[in-house]
Protein chains: 2
Amino acid sequence: MFDGMPILRNGNCMIAQSGGPTAVINSTAYGCIKEFMTFNGTATVYAGLYGVQGILEGKIRNVSSLPPSQVEFLPYMPSAAFGSSRYRLKDFRTDDREYQKLFQIFRKYNIRYFFYIGGNDSMDTADKIYDYAGLTGYDLSVCGIPKTIDNDLVLTDHCPGFGSAAKFVTAAGEDIWFDINAYQKPSVMILEVMGRDTGWIAAAAGILPNVISGFNILVYVPEKAFDGPSFLADVSNALSRKNKLLVVVSEGLKDKKGEYVGLSGNQKDSFDHPQLGGVGKCLQRYLKKNLLNDVKLMQFGVLQRCSIHCVSETDQREAEMVGRQSVRYVMQGKNGFMTALERNEAAAGYVCGTKPVGLKDVCNRVKAVPQAWIGEGGKCNTVQLLRYMAPLIFDVKKRDDFMGIRYVDHIDGFRISK
Amino acid sequence: MFDGMPILRNGNCMIAQSGGPTAVINSTAYGCIKEFMTFNGTATVYAGLYGVQGILEGKIRNVSSLPPSQVEFLPYMPSAAFGSSRYRLKDFRTDDREYQKLFQIFRKYNIRYFFYIGGNDSMDTADKIYDYAGLTGYDLSVCGIPKTIDNDLVLTDHCPGFGSAAKFVTAAGEDIWFDINAYQKPSVMILEVMGRDTGWIAAAAGILPNVISGFNILVYVPEKAFDGPSFLADVSNALSRKNKLLVVVSEGLKDKKGEYVGLSGNQKDSFDHPQLGGVGKCLQRYLKKNLLNDVKLMQFGVLQRCSIHCVSETDQREAEMVGRQSVRYVMQGKNGFMTALERNEAAAGYVCGTKPVGLKDVCNRVKAVPQAWIGEGGKCNTVQLLRYMAPLIFDVKKRDDFMGIRYVDHIDGFRISK
């Protein structure tokens, strides 16, 4: 089959969601469902419930037979409407029994298009399914659709889900900043945020001094090795400027030896990743012992990934866009790919499109925050960072020419005029 | 002076904020400032910084000389723009040195109008200042303006600040509900919310089953004595209906002996109130030990009081309204009063106005959630509760005829059609 040629296989479509929920995965599912129905009105759209794990258990829902109102509600609903899992498929070269079962189910429902919405681990799953289909000669189009608040997928400018997480963290950070400034006494608030081994979500908070003047913030990300005494000096310094301070810290912060800061025990999740979440408490104890007593800690927990009440409109629209584009690429004959977001760096404002990239080039790799975007001593506020983050976070029409960032319009994007 | 007669004292105005921040105190300050400037363009508006404590330290800001853009920004800023404190004035009958100092400052700035924005304790402070002015013959109008997310002031239908806290808790509760439903395994999420000795904020979450069908929620408020074994039975029962459950619990939950559930130690704040916040952990341990392992805990902390990113429009408008009305009442000669919110129960929709009530009738009293609104066994979802909460929480224009609640418009209010 030739790239770019429209094709239509005689078969049905299955969509499934995997990994941690976001505020906009359902927008992606919505885009995918609606676009597939447009291209092929006679085929059936199925949802595999609870990711590949649920599919293996035979949990399949016929989306085509749902009342239209339920499908139309999808973009207004956070988290994974069709359920999620963190299930790792075995290597089929050593044990293909799960794959046999999976493809039996595909055959039963005549699934010829498979869309898997997820992060790094899910792209690995999609890639294995693509390879197994090729190996066994089962005619199947496989597309991975990016989704992760961690924003750590390679070969895509950013990941759907990240903008809303970044918006929640910056909006909450702004609100909390005003809250701690109500009282006279010195006060440090530590905000522990998600992001696994990368600091994208924490770094987003680094743009707050561009939005609020006098904003006192330190940001610590896994991309820079953490050192206790330097941290103490940074905080002490920051408090000498103003006696209120936000410290934003990634859950995956590591020390110079590469070990997680504040990791308690050796708990692992089902993908064998360490279960993170102890760094905030660790830094709080450390500051209380060595510097000042009034150190509070806020862990946003699932709020940062599910808060559709604080959704980024850019994120929501792009999430739907990757869903729709994935169907178009598949209909053009693309296979074994992920639909990446591509920002037009040459454009005057923020313009973002999509492109297909190979699943094999994406899975099991991690994109870090560039070192050049991170300053020394907890500073994380560079023009590059602002330029990258601002259009993903701010709802464009609401703030025109705000704090030196000139938004043109939602589609045409924004300009940094200073 | 006769009630209802417009008067203008030859003097200036001071506004101060006290107690815990809310998302909309600054809207109240804004309304008060703008209305006073309208009535008396030649007098100066001062802000006492950090409540009565800051005023005693001579921390006064001339608001009339601020750039207009700073005043206009007030409604968009959560927390207390002029700072807050939790400072208790002594009884002047035993020691009036603080009062002497305070009134020296009033004389210095020729303050003849004093507006104190706060909760129960702040109304007590305002009342003491009113009494001392009367005792010493200092010509001063004193007005308390209600503000508390706890919603526990008497003689007012509700309190500015509460609607936004209730909106945050319901919005976050809705989002978290979808998040825990993404996975197959049984899951209980405990949400610990503020509210001191009353359950208003927790009870607000009780309306969620009206908004989302199949919503599995238990609500525990201080108005009903908490009992461990009954709680265990409630949770067990709820999980037999659906294996996902939200448990919303007030920080001030008490057992049958009237003791706080999960209060660690005997910490008190500066008003001699116990420092709350251990009940969620206590219930989490209890459930893990006796029922199931997957019990998560979310404490919203300051987010529930400062989240202007999730502000209730009704709350924001009413907060400004009480500020403006307070000035009007004072100009009509009212003194020693609080500007209460009064809901027109006879109206077809939600209509809310103001009325002055005596400070002495308000201070140091607490309004509880009516027993009739709270069901047995963690149920907290009655028509009365929904009727009370819905117009305070939902942004009226956004959801028309939603889930059986018909909103007419922002001013005319809403109807429950079922």
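The values are calculated or read from the model by the stated rules, or taken from the named source; none is laboratory data. These numbers were taken from a predicted model, which means no experiment stands behind them. As a convention, Cβ positions derive from the backbone with ideal geometry for all residues, glycine included, and neighbour counts pool all protein chains shown.
Is at least one residue of region B:352-371 touching a strand residue (DSSP E or B) at 6+ places or on another chain (Cβ under 9 Å), modelled with pLDDT of 95 or more and on the phi > 0 side of the Ramachandran plot? Within region B:352-371, none of the residues are touching a strand residue (DSSP E or B) at 6+ places or on another chain (Cβ under 9 Å), modelled with pLDDT of 95 or more and on the phi > 0 side of the Ramachandran plot. On inspection, A:ILE201 does not qualify as under 19 Å from the mean Cα position of the chain (by Cα), buried (at least 24 other Cβ atoms within 10 Å of the Cβ), closer than 15 Å to A:GLY378 by Cβ and touching a residue at least 60 places away in the same chain (Cβ under 8 Å). Filtered by the rule that a residue be of a type outside the set (Gly, Ala, Ser) and surrounded by 20 or more Cβ atoms within 10 Å (Cβ to Cβ), region A:336-353 gives A:PHE337, A:MET338, A:THR339, A:LEU341, A:TYR350. Does at least one position in region A:91-98 carry a residue that is closer than 18 Å to A:GLU57 by Cα and not in a loop (DSSP other than H, G, I, E, B)? Yes, region A:91-98 contains a residue that is closer than 18 Å to A:GLU57 by Cα and not in a loop (DSSP other than H, G, I, E, B). If you filter region B:149-187 down to residues that are polar (S, T, N, Q) and away from every other protein chain (no Cβ under 14 Å), you find that the one that is surrounded by the most Cβ atoms within 10 Å (Cβ to Cβ) is B:ASN151. Scanning region B:45-73 for residues that are within 13 Å of chain A (Cβ to nearest Cβ) and part of a helix (DSSP H, G or I) gives B:GLY51, B:VAL52, B:GLN53, B:GLY54, B:ILE55, B:LEU56, B:SER69, B:GLN70, B:PHE73. Residues being out of contact with any Pro (no Cβ under 6 Å at 6 or more places or on another chain), of a type in the set (Lys, Arg) and more than 23 Å from B:ALA133 (Cα to Cα) are represented in region B:312-325 by at least one member. Please tell me if B:ILE55 is within 27 Å of the chain's Cα centre (by Cα), among the β-branched types (Val, Ile, Thr) and at pLDDT 95 or above. Against the criterion (within 27 Å of the chain's Cα centre (by Cα), among the β-branched types (Val, Ile, Thr) and at pLDDT 95 or above), B:ILE55 qualifies.
Rundown of residues vs (1) of a type in the set (S, T, N, Q); (2) away from every other protein chain (no Cβ under 13 Å); (3) touching a residue at least 24 places away in the same chain (Cβ under 8 Å), yes/no style:
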{"position": "A:LEU292", "(1), (2), (3)": "no, yes, yes"}
{"position": "A:LEU297", "(1), (2), (3)": "no, no, yes"}
{"position": "A:HIS309", "(1), (2), (3)": "no, no, no"}
{"position": "A:ARG324", "(1), (2), (3)": "no, yes, yes"}
{"position": "A:TYR329", "(1), (2), (3)": "no, yes, yes"}
{"position": "A:ASN335", "(1), (2), (3)": "yes, yes, yes"}
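Considering (1) over 30 Å from B:SER307 (Cα atoms); (2) surrounded by fewer than 21 Cβ atoms within 10 Å (Cβ to Cβ); (3) touching a residue at least 12 places away in the same chain (Cβ under 8 Å), the lone condition that B:TYR113 does not fulfil carries the number (2).
Remark: B:ASP124 matches the filter, which requires a residue to be more than 12 Å from every other protein chain (Cβ to nearest Cβ), part of a helix (DSSP H, G or I) and in contact with a Cys (Cβ under 8 Å, 6 or more places away or on another chain).
Candidates B:GLN100, B:GLN53, B:GLN104: the one that is within 30 Å of A:ASP175 (Cβ to Cβ) and of a type in the set (S, T, N, Q) is B:GLN53. Within region A:225-246, one or more residues are at pLDDT 95 or above, within 13 Å of chain B (Cβ to nearest Cβ), part of a loop (DSSP other than H, G, I, E, B) and surrounded by fewer than 23 Cβ atoms within 10 Å (Cβ to Cβ).
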